[in-house]
1. Over the chain, what is the relative contact order in whole percent, taking alpha-carbon pairs under 8 Å and six or more residues apart?
2. Working out 0.36 nm times the residue gap between ASP46 and LYS201, then minus their Cα-Cα distance, what length gain in nm do you get to one decimal?
3. Quick check for you: with a 1.4 Å probe and neighbouring chains kept, what is the accessible area per residue of the chain, in Å²?
4. Can you tell me how much longer the chain between GLN372 and GLU174 gets when fully stretched, taken as 0.36 nm per residue apart minus their C-alpha distance, in nm with one decimal?
5. Using amide H atoms built 1.01 Å from N in the peptide plane, name the residues 5+ places from ALA54, or on other chains, whose amide H lies under 5 Å from its own.
6. Which three semi-axes in whole Å describe the equivalent ellipsoid of the range 144-201, each the square root of 5 times a Cα gyration tensor eigenvalue, listed largest first?
7. Of LYS4/LYS120; LYS169/LYS265; LYS120/LYS265; LYS175/LYS201; LYS116/LYS169, which sit over 26 Å apart, Cα to Cα?
8. Extending each Cα 7 Å along its Cβ direction at ARG90 and SER345, get the distance between those two points in nm, one decimal.
Amino acid sequence: MFSKILIANRGEIALRVLRACKELGIQTVAVHSTADANAMHVRLADESVCIGPASATDSYLNIPQLLAACEITGADAVHPGYGFLSENARFADILEAHNIAFIGPTADHIRIMGDKIEAKLTAQRLGIPVVPGSDGAVTPSDDAHAIAREIGYPVLVKAAAGGGGRGMKVAETEKDLDRALSTARAEAKAAFGDDALYMEKYLGKPRHIEIQVLGDGQGNAIHLGERDCSLQRRHQKVWEEAPSPALNASQRTEIGEIVADAMRKLKYRGVGTIEFLYENGEFYFIEMNTRLQVEHPVTEMITGIDLVNEQIRIASGAKLTIRQEDVLFEGHAIECRINAENPRSFVPSPGQITYYHPPGGLGVRVDSGVYQGYRIPPYYDSLIGKLIVHGRNRVECLMRLRRCLDEFVVDGIESTIPLFRDLVDNQDIANGMYDIHWLEKYLAAAG
Ligand code: ADP
């Protein structure tokens, strides 16, 4: 087992990882920018190292500084959290070259899944259902019209190097295709310096359903069920739940087995998430995230499995000890991402928290690094915490969530808590009747 882990992240996820390390009896090193000197994970870590100024490029993304921090403290492993360097294959390679373990998958697997065309071809090869589309890139010399006709309209043009929903254009009919291709190509070139495009069937009203996997890199892998993350704003998840209100147990087992089997063939190591669009009873792969996700606690709440603990044990060379038949799904869990933003305009609201009272009680978990008097810096994303609630069933979970949102006080800044108070009372939400466009339409109607 590792003796000292450096946590290459900030905010709630740095604290989440620190907690897992402490429970494993592993020493912790926090790294921080000058803007984060007062962060909770820095206070609670055994050691801390300032790695640079506020700008993430000069601190949390600064590989030489992180390496120096490992060297100074003698850390033998790095946990990257999510975001920042968590899906940076070069970082994984460099750590390995310095005999420091990267708590995550192999650099090769990060690289494959980071390239959207390569990822899709790999998924398909492993038996995972994908969105019908061009098999690989569509080059200017290809007959795009013939390919699109074969796929069937509407068609979605996507950038191979895309991310965050950028470089995507819908062609409703054949007459829109040339324009969709040229604008997507120009956008992709400008945003990513890579104008490779591919095409997919455009799904009109899908849900976003993702499967959590856990593998040991030695050919053993299991799935931990799904999360429904359909409630999104600008492709950012806002509310996540498990199980999905749209799936039954046999559908869960079927897709879970397909994915776990694929991960066994790949010899995947660590935690990962296979994201699907789900429409009319069918799953369509969109991408794989080769890291711990923001919404992982939802899965932990219904399975009782500590995903960060498993990540660390597996990275140290341990075999998977949980068998698929040991994984039991109990009750229902919902996570709300609490952002320091205006709940209607979503304009960021950094500043000092003057009063803070998080909810508690049975089945309630708050993952947050903030505290009363804490000053939220303006330099990073606006996630200030996650409220995760568990109930024996979805109805109990929603009642508990409503109670927790009423208790939750964050004064001095604006937060998205009022939005969740509205959502929890909404009839469509109560009925579990929502797709990936529901939240945007709801917000537009609410003005
Ligand atoms: P990115 O890496 O930019 O997030 P994704 O492939 O994950 O790209 O797509 C981003 C979002 O675009 C998805 O979450 C989904 O909302 C939408 N999307 C992607 N592919 C399709 C498709 N074939 N049909 C409809 N919507 C899609």
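The values are calculated or read from the model by the stated rules, or taken from the named source; none is laboratory data. Model, not experiment: these values are computed from the prediction. Virtual Cβ from ideal backbone geometry, glycine too; neighbours counted across all protein chains shown. Just the protein is used for accessible areas: all its heavy atoms, side chains included, with ligands, DNA and RNA removed. Shrake-Rupley method; radii C 1.70, N 1.55, O 1.52, S 1.80 Å.
1. This gives 14 percent for the chain.
2. Full-extension gain reported as 50.7 nm.
3. It amounts to 41 Å² per residue over the chain.
4. Length gained between GLN372 and GLU174: 65.6 nm.
5. THR34, ALA35
6. Ellipsoid half-lengths, sorted descending, are 19, 10, 9 Å.
7. LYS4/LYS120; LYS169/LYS265
8. Simple spin-label model gives 3.8 nm for this pair.
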